[in-house]
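Structure, as structure tokens:
The values are calculated or read from the model by the stated rules, or taken from the named source; none is laboratory data. Quick caveat, the model's predicted, so the values are computed rather than measured. Cβ sites come from the backbone with ideal geometry, for glycine too, and all protein chains shown count toward neighbours.
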Amino acid sequence: MSRQPEELETGGEAYRLTCRFHPGGPTSSGWWPHRETAELRYREWVGLYGSAPETVITLTRLTDDRAEVLRVWPPQARPGTEPPDA
């Protein structure tokens, strides 16, 4: 399980990127304090891993009280295919 970023511990926000290569499989994830950096990594991960048919890549904005999914690859990924909150 990933550790909660320090930004959330101090009342800020953070951006989490997750990649699951097949349904029910483990996830790889990364955390960034700035949206621009997280968006850049999202595009990189889509380019590197997005062509595999079962891969789902999710960018989520996290605050103290909510998680908001900003982007999901592939765009037609169904709800419930995103990795669970860590």
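For the range 45-66, a residue qualifies if it is loosely packed, with under 12 Cβ neighbours inside 10 Å and either within 13 Å of the chain's Cα centre (by Cα) or in contact (Cβ under 8 Å) with a residue 40 or more places away in the chain (or both), and exactly one does: Asp64. Here Trp32 meets the list (1) crowded, with 16+ Cβ neighbours inside 10 Å; (2) touching a Pro at 6+ places or on another chain (Cβ under 9 Å); (3) in contact (Cβ under 8 Å) with a residue 24 or more places away in the chain; (4) not aliphatic (A, V, I, L, M) almost entirely, failing just condition (3).
Restricted to the range 67-85, and to residues there that are exposed (fewer than 14 other Cβ atoms within 10 Å of the Cβ) and small (Gly, Ala, Ser), the residue that is modelled with the lowest pLDDT is Gly80. For the range 27-58, residues that are in a helix (DSSP H, G or I) and out of contact with any Phe, Trp or Tyr (no Cβ under 6 Å at 6 or more places or on another chain) total 12.
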